[in-house]
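Notes follow the structure.
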Amino acid sequence: MNERKIALITGITGQDGSYLSEFLLDQGYEVHGIIRRTSTFNTDRIDHIYIDPHSPDAKLFLHYGDLTDGTTLRRILEQVKPREIYNLGAQSHVRVSFDSPEYTVDSVAMGALRILEAVRDYQQRTGIEVRFYQAGSSEMFGKVIEVPQTETTPFYPRSPYSCAKVYAHWQTINYRESYDLFACNGILFNHESPRRGETFVTRKITRAVARIVEGTQQKLYLGNLDSKRDWGYAKDYVRAMWMMLQQDQPDDYVVATGETYEIKEFLDIAFGHVNLDWHNYVAFDPRYLRPAEVDLLIGDPTKAREKLGWKPSVTFEELVKLMVNADLINLNLPTPDGSKGVDSTLNRRNFASIVD
Ligand code: NAP
Ligand code: GDD
């Protein structure tokens, strides 16, 4: 379909942005990403695929911009002329969205609207189709009304973050129907990896396990351990994003494993992998509680399987272990199963636990 394979990614420096960039480069795309100006480098997750843009081999290009800055988004769109846009940028931490609701909504909800408006004008003026992917979230289901959740389950968002994602979801549909845009919503359930941000519960746990083994951390402070999540592997999930944009018609898809586990079960496997009992290390800190919690998420990926041919490749247990292994390797420690690790090439900053 697309003669010139050019993709633009917002949130390219995030977990998903890094995997999606690798995937698209492998598919022969020229990849452009929007990065925020920061006083320290924020490109750790993509440094290994970035080469000097002066080189004739360069296929990955970065542009300064921000989802809160519509003028720049439009300028980048005009310069890059992408055929596909993946809108992954977001203040994506649910707990933090209660602390910074206005900024979260601006980047997540208004950010999506700004891009949709830019695409609408660009496509109308040039006649060139630009396919759009919106990074929707299972958090939109919130206080679940139906188990498992499908594309038709009603939303009941429980945080500023998920309210903003619901807005972006419906605007994506609205622009598809109003202006004939090829715009898709992925409703992705939690997906993790060794590149997961250090303050999400899975990575916080696997990183703590490695530091406890190393002897540099004694306690792991967590909040609510009773909630259940449908956790998959991020690398599988970015493939689904791309698949959505390769279909004949734009549509919305749930991407999930169809299994759900308690945080306690994640702890069992993560600590058990290094022969430790988490009960001896985990302590409760109420600061990690949320004003409103999402208790249970479990997705039904039937539509993605049947229409996209997508299915997950990594089991829950494999996921937990590969994350623990990667964090052990990051600290130059041996892995219990002798694994050399995947995706552990990153030398992430060594956050103090206060930042958790
Ligand atoms: P992430 O690791 O937190 O990455 C978020 C990305 O957005 C980063 O590149 C970040 O840049 C960028 N960003 C933040 N604020 C921005 C702004 N104002 N303007 C431009 N870029 C901004 O998130 P992720 O896990 O990769 O998730 C990708 C997307 O999928 C997000 O929209 C998230 O809400 C959504 N999602 C994630 C999951 C999941 O389980 N991972 C599930 C469902 C939906 P910096 O690096 O500079 O901070
Ligand atoms: N982050 C965090 N830190 N969560 C904790 C902690 C802690 O110390 N202790 C318990 N939890 C619980 C949270 O209360 C929540 O019930 C669960 O662990 C998962 O929290 P997160 O890992 O922060 O993820 P999330 O489910 O809130 O949100 C993630 O998944 C969404 C998809 O459902 C994020 O990636 C969102 O951006 C994404 O949309």
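The values are calculated or read from the model by the stated rules, or taken from the named source; none is laboratory data. Not measured: the values here are computed from a predicted model. Here the Cβ is made from the backbone with ideal geometry for all residues, glycine too, and neighbour counts use every protein chain on show. Note: areas computed on protein heavy atoms with side chains; ligands, DNA, RNA excluded. Shrake-Rupley method; radii C 1.70, N 1.55, O 1.52, S 1.80 Å.
Side notes on the structure shown:
- Hey, residue 111 crowded, with 17+ Cβ neighbours inside 10 Å, within 16 Å of ligand 2 (Cβ to nearest atom), of a type outside the set (S, T, N, Q) and over 21 Å from residue 142 (Cβ atoms) or not: no
- The listed residue being among the small types (Gly, Ala, Ser), away from ligand 1 (no atom under 11 Å from the Cβ), touching a strand residue (DSSP E or B) at 6+ places or on another chain (Cβ under 6 Å) and at pLDDT 95 or above, out of 183, 210: 183
For (1) in contact (Cβ under 8 Å) with a residue 12 or more places away in the chain; (2) of a type in the set (S, T, N, Q); (3) away from ligand 1 (no atom under 14 Å from the Cβ); (4) over 29 Å from residue 71 (Cβ atoms), each residue gets a yes or a no:
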residue	(1), (2), (3), (4)
116	yes, no, yes, no
124	yes, yes, yes, no
133	yes, no, no, no
139	yes, no, no, yes
145	no, no, yes, yes
150	yes, yes, yes, yes
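- Residues (outside any loop (DSSP other than H, G, I, E, B) and either under 16 Å from the mean Cα position of the chain (by Cα) or near ligand 1 (Cβ under 10 Å from one of its atoms) (or both)) located in the stretch 84-108: 85, 86, 87, 94, 95, 96, 97, 103, 104, 106, 107, 108
- Of all the listed residues (37, 74), the sole one being of a type in the set (D, E, K, R) and either closer than 29 Å to residue 200 by Cβ or at pLDDT below 95 (or both) is 37.
- So residue 238, is it crowded, with 19+ Cβ neighbours inside 10 Å, more than 15 Å from ligand 2 (Cβ to nearest atom) and farther than 24 Å from residue 144 by Cβ: no
- Among residues of the stretch 137-147, those that are over 24 Å from residue 89 (Cα atoms) and open to solvent by less than 50 Å² (accessible area, probe 1.4 Å), counted: 1
- Among (1) open to solvent by less than 60 Å² (accessible area, probe 1.4 Å); (2) farther than 24 Å from residue 180 by Cβ; (3) out of contact with any helix residue (DSSP H, G or I) (no Cβ under 8 Å at 6 or more places or on another chain) - the single one residue 56 does not satisfy: (1)
- Residues that are surrounded by fewer than 22 Cβ atoms within 10 Å (Cβ to Cβ) and either at pLDDT 95 or above or within 16 Å of ligand 2 (Cβ to nearest atom) (or both) within the stretch 1-28 comprise 5, 6, 22, 23, 25, 26, 27, 28, listed in sequence order.
- Of the residues 200, 189, the single one that is open to solvent by 10 Å² or more (accessible area, probe 1.4 Å), within 12 Å of ligand 1 (Cβ to nearest atom) and either more than 24 Å from residue 168 (Cα to Cα) or touching a residue at least 12 places away in the same chain (Cβ under 8 Å) (or both) is 200.
- Residue, surrounded by the fewest Cβ atoms within 10 Å (Cβ to Cβ), within the stretch 212-235, restricted to residues that are closer than 19 Å to residue 141 by Cα and touching a Pro at 6+ places or on another chain (Cβ under 9 Å): 230
- Pairing residues of the stretch 219-233 that are closer than 25 Å to residue 299 by Cα and in contact (Cβ under 8 Å) with a residue 60 or more places away in the chain with residues that are of a type outside the set (Val, Ile, Thr) and in a strand (DSSP E or B), at Cβ distances under 6 Å and at least 6 apart in sequence or on separate chains, gives 228/262; 228/296; 230/299; 231/192; 232/191.
- Within the stretch 3-83, strands (runs of 3 or more DSSP E) holding 2 or more residues that are more than 10 Å from ligand 1 (Cβ to nearest atom) and within 18 Å of the chain's Cα centre (by Cα): 6-10, 30-35
- Scanning the stretch 213-238 for residues that are within 14 Å of ligand 1 (Cβ to nearest atom) and of a type in the set (D, E, K, R) turns up 229, 230, 235, 236.
Rundown of residues vs (1) away from ligand 1 (no atom under 16 Å from the Cβ); (2) surrounded by fewer than 18 Cβ atoms within 10 Å (Cβ to Cβ), yes/no style:
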residue: 263; (1), (2): no, no
residue: 270; (1), (2): yes, no
residue: 293; (1), (2): yes, yes
residue: 302; (1), (2): yes, yes
residue: 305; (1), (2): yes, yes
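- The single condition among (1) more than 16 Å from ligand 2 (Cβ to nearest atom); (2) surrounded by 15 or more Cβ atoms within 10 Å (Cβ to Cβ); (3) not β-branched (Val, Ile, Thr) that residue 323 does not meet is (1).
- Taking the stretch 333-356 as the range and being modelled with pLDDT of 95 or more and closer than 16 Å to residue 217 by Cβ as the test, only 333 passes.
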